[in-house]
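The values are calculated or read from the model by the stated rules, or taken from the named source; none is laboratory data. Keep in mind it's a predicted model, so treat the numbers as computed, not measured. Positions of Cβ are generated from backbone atoms using ideal geometry, with glycine treated the same way; all protein chains shown enter the neighbour counts. Areas reflect the complete protein model, heavy atoms only, side chains present, ligands, DNA and RNA absent. Shrake-Rupley method; radii C 1.70, N 1.55, O 1.52, S 1.80 Å.
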Amino acid sequence: MNTTTLNRRDFMKVVSMAGTGFVLGFYLPTKEQELLALEPMEAFAPNAFLSIDATGTVTITVAKSEMGQGVRTALPMIVADELDADWSKVKIDQAPAHPTKYGSQSTGGSASVRRSWDMLRKAGATARDMLVTAAAQQWNAEKSACSTENGMVIHKPSGKKLSYGELAAAAAKLPVPENPPLKDPKDFKIIGKPMNQVDTPSRVDGSAVYGIDVKVPGMVYASIEHSPVFGGKVASFDASKAKKIAGVKDVIQIDEGVAVIATNTWSAFKGREALSIKWDEGPNANQSQANIWKTLEEAAKKPGTEELKVGDAATALNSAAKKVEAVYYAPFVAHATMEPMNCTAHVRGNECEIWAPTQTPQQAQNQAARVLGIPVENVKVNVTMLGGGFGRRLQADYVVEAVKVAKAVGAPVKLVWTREDDMQHDFYRPATYNVMTAGLDNDGWPVAWTHRIAGTKEKGLVTGGSTPPYAIPNVLIDSHIIDVGVPIGAWRSVGPSQNAFMVESFIDELAAAAKKDPFEYRRRLLENKPRLKRVLELAAEKAGWGKPLQAGRGRGIACCESFGSNIAEVAEVSVANDGSLTIHRVVVAVDCGPVVNPKTIEAQIEGAIVYGLSAAIKDEITIEKGRVAQGNFNDYQIMRINEMPKVEVHIVPSTESQGGIGEPGLPPIAPAVCNAIFAATGKRIRKLPIRAEDLKKS
């Protein structure tokens with residue numbers, strides 16, 4: 001038998017010959033001949049975030065979670081621009097969890113771009129530098145005579161060109177430079193340009209895989225009945241009726257409740273409904289919303305933990321020409337993600353594989369390893385798309401539950417929560433009771449500011465409240481953090497989501513007490529905050545501040561620093577005689593430093609305003625008998641399209657330090673609306689959500 005052998009080098013010569021023409025290289029064996037398997041060329045991968053193959057395809061690995069905020073577009077844009085890649089040849093890969101390879105994979109705090117910016121620029125620049133070196137060596141030319149453009153290295157004196165694919169093999173053999181030169185921002189070609197999200201087509205045609213879409217061979221489905229009371233436990237249960245439901249395979253108890261395992265989700269849900277469970281409701285069985293407010297109010301009567309002290313606020317208050325006092329409330333609110341919590345897990349002896357819509361892949365990996373008592377490296381976490389996160393998926397509770405059930409069942413298990421599970425077993429934004437006091441001088445300018453925050457337990461409770469941006473000589477901020485038995489977590493924009501409501505509403509009250517324009521009042525007090533002052537001025541200008549409005553309408557303004565960004569918003573509203581509120585227009589100005597994708601910025605601010613308005617005028621979680629009273633979107637509503645105002649976003653060109661964008665759009669919206677209500681009606685709103693009965697004309 002005659003055999004023809006092609007080594008890798010000869011094969012690559014065949015398929016890449018003929019200059020710029022397209023050659024399809026293949027080998028047809030005769031009937032008696034065999035084609036030997038060819039060793040594929042290893043991709044050029046100078047770091048964990050990109051690789052380039054012989055075709056010139058650039059694969060960029062994204063180690064953050066995509067939940068609609070556009071990181072699978074923005075992060076590759078950074079790498080591709082520094083690389084000078086051909087964007088049409090860029091492919092995106094989602095990184096699985098790894099303890100160290102990608103650094104922190106947590107997606108939260110509006111940090112994905114700003115904390116990856118330098119690292120990803122360097123990743124792209126490293127590859128570009130190595131490709132240029134490879135080309136210069138091939139041409140026996142100086143590197144300084146070579147430039148890059150659109151996936152090519154160009155020898156400027158001769159006009160010679162080599163594609164990144166042609167150079168990949170040679171570049172892979174070079175040492176990786178420690179400090180490659182970065183582009184001058186004026187040379188950016190992709191960064192700063194409006195780009196469509198790369199995932200939009202897959203979302204439209206349904207091919208995008210969210211956690212709830214995952215299918216694994218041999219998979220069964222699970223649904224868990226949790227204690228209706230926070231902290232409660234199963235005392236006993238009867239599964240006999242549940243096991244009679246068609247499709248139900250088993251019923252098991254885990255620490256978190258009773259799990260029904262079935263051949264499909266519907267059977268799991270129906271089997272769960274048929275369970276008979278007696279609960280030990282624990283110490284929170286009699287907890288109520290009224291008792292929570294009373295507990296916080298009592299705590300606020302005493303000095304708390306000092307968060308900020310400037311000057312002597314007590315003395316300044318005593319000698320002030322005028323004193324202004326107010327109490328503000330912010331309720332518990334839920335995350336209400338579009339996709340309820342879910343996770344698929346398969347435990348095979350000493351190994352585990354997980355498919356999860358998670359904001360914290362490494363935490364999911366660590367928690368699974370802990371529960372199973374196996375090494376972290378034996379847990380593989382595949383990160384799916386997320387149908388909303390907003391901080392809820394920073395928790396790994398649903399992942400732990402899926403892993404426990406999968407271990408007990410001995411098969412891959414998809415755990416799916418119902419909407420009611422999601423609403424009633426969330427980690428909520430804390431409820432807070434806020435006592436605000438200020439002293440004004442004879443001209444109405446603040447000489448003292450105090451803010452006492454009494455809130456349910458949460459690390460970021462005082463963020464956005466402990467450092468008011470205004471130039472006030474005497475400030476005292478203190479806090480009481482109290483555990484009332486309600487699970488608390490990071491909700492979109494965390495502390496600023498509620499503290500901006502207090503700070504920006506109260507500064508408006510001071511302007512009114514001083515008989516001064518609220519925009520001009522803020523403006524003077526922000527002399528030491530030029531970035532915040534700039535967005536305040538721009539928002540006011542674009543909103544037509546000071547110009548006449550239609551009868552019955554009012555404008556309100558608010559601003560906030562959060563997550564490294566500065567933002568101001570102006571709301572225009574009207575209130576009908578029956579108290580119904582219409583928000584006509586919201587004008588936004590934002591300075592988030594260097595812009596990667598302006599389309600993302602606009603979309604994120606618009607989304608934050610939807611979310612923030614929902615919380616401001618519709619939503620609260622209330623506790624009765626240790627249980628959450630709300631259960632679904634009938635009693636916890638989100639803004640509808642017909643209710644939304646026109647939103648205008650103005651981005652300030654900036655070379656300042658980079659800030660986040662996913663969350664900063666939310667904090668100013670509630671106070672801007674409440675201040676607009678005051679302008680239109682003379683009524684102050686100090687408790688969220690805004691209710692029609694509070695706005696009715698007397």
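Straight-distance candidates among the aspartates and glutamates for linking to residue 696, with alpha-carbon spacing under 20 Å and chain neighbours fewer than 8 residues away dropped: 572, 578, 619, 643. The stretch 186-236 and the stretch 484-540 have Cα centres spaced 34 Å apart.
Across the chain, Cα pairs under 8 Å and at least six residues apart give a relative contact order of 13 percent. Measuring nothing but protein heavy atoms, the accessible surface of the chain at 1.4 Å probe radius is 50 percent carbon and sulfur. Reducing the stretch 40-72 and the stretch 83-107 to their Cα centroids gives an inter-centroid distance of 5 Å.
In the chain, helical runs assigned H by DSSP with n ≥ 4 each contribute -39500 (n - 2.57); averaged across all residues and rounded to the nearest 500, the mean residue ellipticity at 222 nm is -8500 deg cm²/dmol. Does the chain come out rounded, prolate or oblate by the C-alpha gyration tensor, with a ≥ b ≥ c the root eigenvalues, rounded set by a/c under 1.5 and, if not, prolate when a/b is larger than b/c and oblate if not? Note, shape of the chain comes out oblate.
Solvent-accessible surface of the stretch 607-698, averaged per residue with a 1.4 angstrom probe and all protein chains in place: 42 square angstrom. Under the classification rounded if a/c is under 1.5, otherwise prolate if a/b is larger than b/c and oblate if not, where does the stretch 100-217 fall, given a ≥ b ≥ c as square roots of the Cα gyration tensor eigenvalues? It is prolate, given that a/c is not under 1.5 and a/b is the larger ratio.
Between 0 and 90 degrees, rounded to the nearest ten: what's the tilt of helix 361-372 against the longest Cα principal axis of the chain? Here the helix axis deviates by roughly 90 degrees.
Cross-link list 64/89; 64/233; 294/683; 516/599; 215/244: which exceed 30 angstrom alpha carbon to alpha carbon? Where the Cα-Cα span goes over 30 Å, the pairs concerned are 64/233; 516/599. Protein-only accessible surface at a 1.4 angstrom probe places the residues 173, 101 in the order 173, 101, largest first.
Straight-line reach from residue 404: taking Cα to Cα under 16 Å and skipping same-chain neighbours fewer than 8 places apart, the lysines in range are 380, 414.
Put simply, when 672-679, 471-478 are sorted by average Cβ atoms within 10 angstrom per residue, most first, you get 672-679, 471-478. Rolling a 1.4 Å probe over the protein heavy atoms gives the stretch 139-281 an accessible area of 56 Å² per residue. Rolling a 1.4 Å probe across the protein heavy atoms gives the stretch 338-441 an accessible surface of 27 Å² per residue. Helix 71-83 and the longest principal axis of the Cα set of the chain meet at an angle near 50°. Listed by chain and number, the aspartates and glutamates whose C-alpha is less than 12 Å from the C-alpha of residue 241, apart from same-chain residues fewer than 8 away, are 250, 273. How many angstrom lie between the C-alpha centres of the stretch 555-622 and the stretch 401-429? First find each Cα centre; the distance between them is then 33 Å. For the stretch 355-455, the square roots of the Cα gyration tensor eigenvalues, ordered a ≥ b ≥ c, give a/c of at least 1.5 with a/b greater than b/c, which places it in the prolate category. Against the main long axis of the alpha-carbon atoms of the chain, helix 669-681 sits at an angle near 40°. Taking the average, over residues, of other Cβ atoms within 10 Å as the packing measure, peptides 156-162, 444-450, 132-138 rank 444-450, 132-138, 156-162 from highest down.
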